[in-house]
Amino acid sequence: MDGGFWDVDVSTPMTLDGVARPVPGELLPLGLTRGPRLSRPKQIDFFQRFMAMPFVPSFSNALSLQRVLSLPLPSFARDTWFSTLLGQFNVQKFVTSLRRNGLRQESDASSLQSIWRHLSDPNLYALNFSSEWLLTLKIQCYLAWKHMFPHHNLTLEATSPALFVDHLGNYWDVPFTWALDLASVASDSGASCHFCINHTVGSPKQCEDQPMSSVPSSLLPGLCAKCAVSVKKNFDIWRSESPKIKMVQPYDIFLSNPHISASATLGNHSFVALDIVQCTVVTASLGDKSLRAHTKDESFGFRAKGANSAILADLFATASFSVQHGNFQKLFLDLTRFYTRLDIPSGSKFLVGASQVAFDLYNSQAPSIEAVQAICPTASLSIQQQIAGPFSFRVDAGATLDLKKEWYFNVNDPVVAVEYALQVLGSAKALAWYSPKQREFMIELRFFET
């Protein structure tokens, strides 16, 4: 679904799995979020086998090196079973330990013994055992599912412990969470729906070495259900009909068509929370205290509450605009791409603000700052430029309008990246990105992503 109205996993070097979940309702920059992909062990295994990288670096508070060891499997299970041991070595902690304790100057043997003693420190290492099985449903079950829910995907996921990240960059460990997700298959235009049930168990705990902050209400224990129904329409303003260079494969087939296009999405999202004190969806908070706060905002989205439960329904809208120049075939400057997305997460607040601005203008009054800001959407920007050959540079960032500050525009969560197109499977790339706000660096492998 287009727009930032659904939880999408986040890439992060904070865990050996290389993934965290966003706190429900908190939008994150495009460069960090991602859809389904290869697991982290499989990515590192690919780098080692096909890109001559004995170690894969990452940075999150400290520089680390990762390596995967594939475990031997019986021949009959190699096509459906993948098992690895992922090891991580904290380089920065090792160097700091050497500097703090110093090296003996007596002899080379003593120096080597000192280095070995530091290398033997178990706090420098982290290990992760991973095993993946490919399970095949019976044909009868598959056909029955496709008959009941055509063009839909069903996902059941349970995690313990689960790592979440909020918009401030704080990480939270949740003891246990499970989710059941039903979503329409992605399409360029038409109607789609997304339904999810999520259950969180246990008290969230903030990760170490981070400033203390209050627990996000949506991570508190409880059961919640979310549903979104939307209609999307794509518009091709211009699309190049000139032929591509013959006998030259594009570096990425998804980035080989110059165009100017736009899309618009209008939908409704609803949220049901049970057995909780407080919870959030998108930008609306639910619970006893937050429901009273919404009454003061005079928004008119549907709301209902009971004992430790709440329901909210509201409209949302998003519009995107994409421009691309070049076919990404030549060696230099054959790809320039710009993408922006405008989001209105709460239709009720937008209509209240718009009516207030119209009323003030009708009465020859200056609209209030709060009313003007209520009708301003949030924006996501992405710019990509080919450097040379398969290498390109990309910047992703969010932008918001704050009329109460001297500088009206705020640039949120910028992410800079260098991409290397692999020219395999039509669309695959190795991506090295850095987030200045999170102070995180990571190298990833991504497929079929625009």
Which ones in region 417-427 are in a strand (DSSP E or B) and either more than 16 Å from Phe47 (Cβ to Cβ) or at pLDDT below 90 (or both)?
Ala417
Which numbered condition Phe94 misses (of (1) assigned to a strand (DSSP E or B); (2) modelled with pLDDT of 90 or more; (3) surrounded by 16 or more Cβ atoms within 10 Å (Cβ to Cβ)):
(1)
So the strands (runs of 3 or more DSSP E) completely within region 142-188 holding 1 or more residues that are at pLDDT 75 or above and under 21 Å from Ser230 (Cα atoms) are 152-159, 176-184
Looking at Val372 and the list (1) modelled with pLDDT of 85 or more; (2) part of a strand (DSSP E or B); (3) surrounded by 14 or more Cβ atoms within 10 Å (Cβ to Cβ), which single condition is not satisfied?
(2)
Looking at Met51 and the list (1) touching a helix residue (DSSP H, G or I) at 6+ places or on another chain (Cβ under 9 Å); (2) closer than 21 Å to Trp433 by Cβ, which single condition is not satisfied?
(1)
In region 64-87, the residues that are crowded, with 17+ Cβ neighbours inside 10 Å and farther than 16 Å from Leu127 by Cα:
Phe82
Only residues that are within 16 Å of Asn128 (Cα to Cα) and either open to solvent by 40 Å² or more (accessible area, probe 1.4 Å) or part of a strand (DSSP E or B) (or both): list them for region 39-56, please.
Lys42, Phe55, Val56
Filtering region 160-176 down to residues that are surrounded by 12 or more Cβ atoms within 10 Å (Cβ to Cβ) and either among the aromatic types (Phe, Trp, Tyr) or farther than 25 Å from Lys437 by Cβ (or both) yields Phe164, Tyr171, Trp172, Pro175, Phe176
For region 347-355, indicate whether the set of residues that are assigned to a strand (DSSP E or B) and out of contact with any Gly (no Cβ under 7 Å at 6 or more places or on another chain) is non-empty.
no
Go over the candidates Gly353, Gly398, Gly389 one by one and state the one that is surrounded by 18 or more Cβ atoms within 10 Å (Cβ to Cβ) and touching a residue at least 24 places away in the same chain (Cβ under 8 Å).
Gly398
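This table checks each residue for (1) part of a loop (DSSP other than H, G, I, E, B); (2) modelled with pLDDT under 85.
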{"position": "Asn198", "(1), (2)": "no, yes"}
{"position": "Gln210", "(1), (2)": "yes, yes"}
{"position": "Val215", "(1), (2)": "yes, yes"}
{"position": "Leu223", "(1), (2)": "no, yes"}
{"position": "Cys227", "(1), (2)": "no, yes"}
{"position": "Val231", "(1), (2)": "no, no"}
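The values are calculated or read from the model by the stated rules, or taken from the named source; none is laboratory data. Just so you know, these numbers come straight off a predicted model, no measurement behind them. Every residue, glycine as well, gets a Cβ built from its backbone with ideal geometry; the counts of neighbours run over all protein chains shown. Surface areas here come from the heavy atoms of the whole protein model, side chains and all, with no ligands, DNA or RNA. Shrake-Rupley method; radii C 1.70, N 1.55, O 1.52, S 1.80 Å.
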